[in-house]
Amino acid sequence: MEYEEIMDMIVGELTQRALSRQREEDENLDQLILRQAELRASIERYLEKFNEPDRQIFQEYLELNLEVWGFQEKHLYLQGALDCVRLLKDLGVL
């Protein structure tokens, strides 16, 4: 397994743990996520009414949004780790 693959697995696992913990601790976020799932189900029902080319365009748009968010989430997580190390160095802890 390559270094990048290992880092992706570690960052993915830590991110999921943090998001799960956040959801457990924040009832409002939990409600928003549940509402998001309901809306996603509604969108899926509406997509069934679209013709195939329109459905594919909309589906690609939704999937692309999720993929972009995944890249951004990973970047923010890694940037947060770098910022933390920089702060600890500036404070003389490291």
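Miscellaneous remarks
- GLU44 satisfies every condition listed in (1) surrounded by 10 or more Cβ atoms within 10 Å (Cβ to Cβ); (2) acidic (Asp, Glu); (3) modelled with pLDDT of 90 or more except (3).
- Of all the listed residues (ARG23, ARG17, ARG45), the sole one being over 14 Å from the mean Cα position of the chain (by Cα) and basic (Lys, Arg) is ARG45.
- Any chance VAL85 is of a type outside the set (D, E, K, R), out of contact with any Cys (no Cβ under 7 Å at 6 or more places or on another chain) and part of a helix (DSSP H, G or I): yes
- Every test in (1) of a type in the set (D, E, K, R); (2) farther than 22 Å from MET7 by Cα; (3) at pLDDT 90 or above; (4) assigned to a helix (DSSP H, G or I) is passed by LYS49 save one, and that test is (4).
The values are calculated or read from the model by the stated rules, or taken from the named source; none is laboratory data. Here the structure is a predicted model, which is why all the values come from computation and not from measurement. Cβ atoms come from the backbone with ideal geometry, glycine included; neighbour counts cover every protein chain shown.
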